[in-house]
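S.K.: First the structure, which I've put down as structure tokens, then a few questions once you've had a look.
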Amino acid sequence: MEMKKMKTGIIGCGNISSIYLTNLKKSPVIEVVAVADLIMERAEARATEFSIENVYTVDEMLNNEEIELILNLTVPGSHALTNIAALQAGKHVYGEKPFTVSLEDGRKVLELAEEKGLYVGCSPDTFMGSGIQTSIHAIASGLIGTPVSATAFFMGDGPESWHPDPEFFYASGGGPMLDMGPYYLTALVKILGPIRRISASTGIQIPDRVIGSGPKQGQKLQVQTPTHLAGTIDFENGVIGTMIASFDIRAGSNLPLIEIHGTAGTLQVPDPNFFNGDVKLRKHGSEEWEIVQPVFTSEQNERGLGINQMVEAIRNQAPAEASGQLGYHVLEAMHAFERSSLEGRHVILESTLHDPKVEQVVAE
């Protein structure tokens, strides 16, 4: 029997809303019936572009009983407030990363969702694409033996050279970890399972930065958050990971984005910012890399898989893949990097995950 589409409203009509609206137009389970934005003209432009019937204020959208689900595409600092407002209005909510900025707000969102009996979800959903799913399948199939270690590197120059308004990247709640860390850590957690503890060093290695384009070109930036974070991740299954997230690598890097190392080989995981990409395998004793046959085919940008699956989960009373619990676990891990550095100790994570789809192979 065909599933009835869930009527959905989008709050936040910035750049990211375009790809969501493009992909959700094809959704078999979601119907976007309204958009809202603090800048009404921006919402009106998106409504016209994608033939959306209604342009609402945020209050009008939250008070509309026909709308069951909110897609929260606001800026990170507004993620928690918008999620809480949607849940208090009796609506399920799915948002962009990071889950929230603070751990306290993240806990409030999860507790409220549980209290209301509502679903809350969070991107990234890139792990649902062929790249990460093929990696998960390869490890579950024993292609690298027992996983023993992992590496993850996001190494680049900061966004001020090309972004016209890069201040928020360097404000509290910004930085390379909260910007790109969700992609890398979500991929690692989905491949290897939950994280037990983190030990790290962080710093502002290049404090002098200047906006390089747009109307603010030449203005100096005030850096208020770590721009280089390096740490060790201990997973619950015994795998030891190494991760660096940096805006301080001026000349680029040839380090692999993600690799999983096992007793029988190494798996090179494609860019976790995308849904597709080649998964490469090098077996123990071989000098050659081979491409692993993908489990299915994905396009580069399929944003929306997570919210589509969450609607199916709501209908079937099943767990959501890109869940708020996953988003919070990743958020706690990201905070643990800076906390470990400031406090000079290992930080043991309080949250965990129970994901039956991740094979927990204990490293020997």
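The values are calculated or read from the model by the stated rules, or taken from the named source; none is laboratory data. Just so you know, these numbers come straight off a predicted model, no measurement behind them. Glycine gets a Cβ as well: all are built from the backbone with ideal geometry, and neighbour counts include every protein chain shown. Ligands, DNA and RNA are excluded from the accessible area calculation, which covers all protein heavy atoms including side chains. Shrake-Rupley method; radii C 1.70, N 1.55, O 1.52, S 1.80 Å.
S.K.: Order 187-196, 345-354 from most to least packed using the mean count of other Cβ atoms within 10 Å.
M.R.: The densest-packed peptide leads the list: 187-196, 345-354.
S.K.: Charges on Cβ only, +1 for Lys and Arg, -1 for Asp and Glu, centred on the Cα centroid of the range 156-272; of 267, 188, 162, which one is farthest towards the dipole's positive end?
M.R.: Of the candidates, 188 comes out farthest on the positive side.
S.K.: Please state the shape class of the range 170-237: rounded when a/c is under 1.5, otherwise prolate if a/b exceeds b/c and oblate if not, all from the C-alpha gyration tensor.
M.R.: Because a/c hits 1.5 or more and a/b exceeds b/c, the range 170-237 counts as prolate.
S.K.: What are the residues whose amide H is under 5 Å from the amide H of residue 145, where those residues sit 5 or more places off or on another chain and H is modelled from the backbone?
M.R.: Amide H neighbours of residue 145, under 5 Å, 5+ apart: 264.
S.K.: Right, something else. Determine the per residue accessible area of the range 221-313 with all protein chains present and a 1.4 angstrom probe, expressed in square angstrom.
M.R.: Roughly 47 Å² per residue, with all protein chains present.
S.K.: Here's a follow-up. Using the Kirkwood radius built from alpha carbon pairs, what does the Stokes-Einstein equation give as D for the range 208-364 at 25 °C and 0.890 mPa s, in µm² per second?
M.R.: 126 µm²/s
S.K.: Moving to a separate point now. For the chain, which whole percent of the accessible surface, found with a 1.4 angstrom probe, sits on carbon and sulfur atoms?
M.R.: That share works out to 49 percent.
S.K.: Right, here's the next one. Please report, in debye to the nearest 20, how large the charge dipole of the range 34-114 is about its Cα centre when each Lys and Arg carries +1 at its beta carbon and each Asp and Glu carries -1 there.
M.R.: About 320 debye.
S.K.: Residue 200: net charge of surrounding residues, Cβ under 12 Å, Lys/Arg +1, Asp/Glu -1, itself excluded?
M.R.: Local net charge: 0.
S.K.: Once the convex hull of the alpha carbons of the chain is built, what does its volume come to per residue, in cubic angstrom?
M.R.: 144 Å³
S.K.: A further question follows. Rounded to the nearest 20 debye, what is the charge dipole size of the range 220-364 about its Cα centre when +1 sits on each Lys and Arg Cβ and -1 on each Asp and Glu Cβ?
M.R.: 380 debye
S.K.: Within a Cβ distance under 13 Å of residue 346, other residues only, what is the Lys/Arg minus Asp/Glu net charge?
M.R.: After counting each charged neighbour, the total is +2.
S.K.: Where the Cα atoms of the range 226-291 are projected onto their three principal axes, how long is each span, largest first, in whole Å?
M.R.: If we take the Cα atoms of the range 226-291, the spans are 39, 29, 24 Å.
S.K.: Continuing with the same structure: Of 289, 162, which has the most accessible area with a 1.4 Å probe, and how do the rest follow in descending order?
M.R.: The most accessible residue leads, giving 162, 289.
S.K.: Which one, 247, 316, 173, is farthest towards the positive end of the dipole of the chain when Lys and Arg carry +1 and Asp and Glu -1 on their Cβ?
M.R.: 247
S.K.: Treat every Asp and Glu Cβ in the chain as -1 and every Lys and Arg Cβ as +1, leave all other atoms uncharged, and give the resulting dipole magnitude about the Cα centre to the nearest 20 debye.
M.R.: The calculated dipole for the chain is roughly 300 debye.
S.K.: Separate question: What pairs from 190/283; 26/216; 108/220; 5/97 go past 28 Å between their alpha carbons?
M.R.: Listed pairs above 28 Å: 26/216; 108/220.
S.K.: Which of rounded, prolate, oblate describes the range 35-98, given a ≥ b ≥ c as roots of the alpha-carbon gyration tensor eigenvalues and a/c under 1.5 marking rounded, otherwise prolate only if a/b is larger than b/c?
M.R.: Verdict is oblate for the range 35-98.
S.K.: What does the accessible area per residue of the range 60-219 come to in Å², with a 1.4 Å probe and no ligands, DNA or RNA counted?
M.R.: Ligands and nucleic acids excluded, the figure is 37 Å² per residue.
S.K.: With the dipole of the chain worked out from charges on the C-beta (+1 for Lys and Arg, -1 for Asp and Glu) around the Cα centre, which of 89, 325, 291 lies farthest toward the positive end?
M.R.: Result: 291.
S.K.: Hey, another quick one. Of all DSSP beta bridges located in the chain, what percent are antiparallel, nearest 5?
M.R.: The answer is about 60 percent antiparallel.
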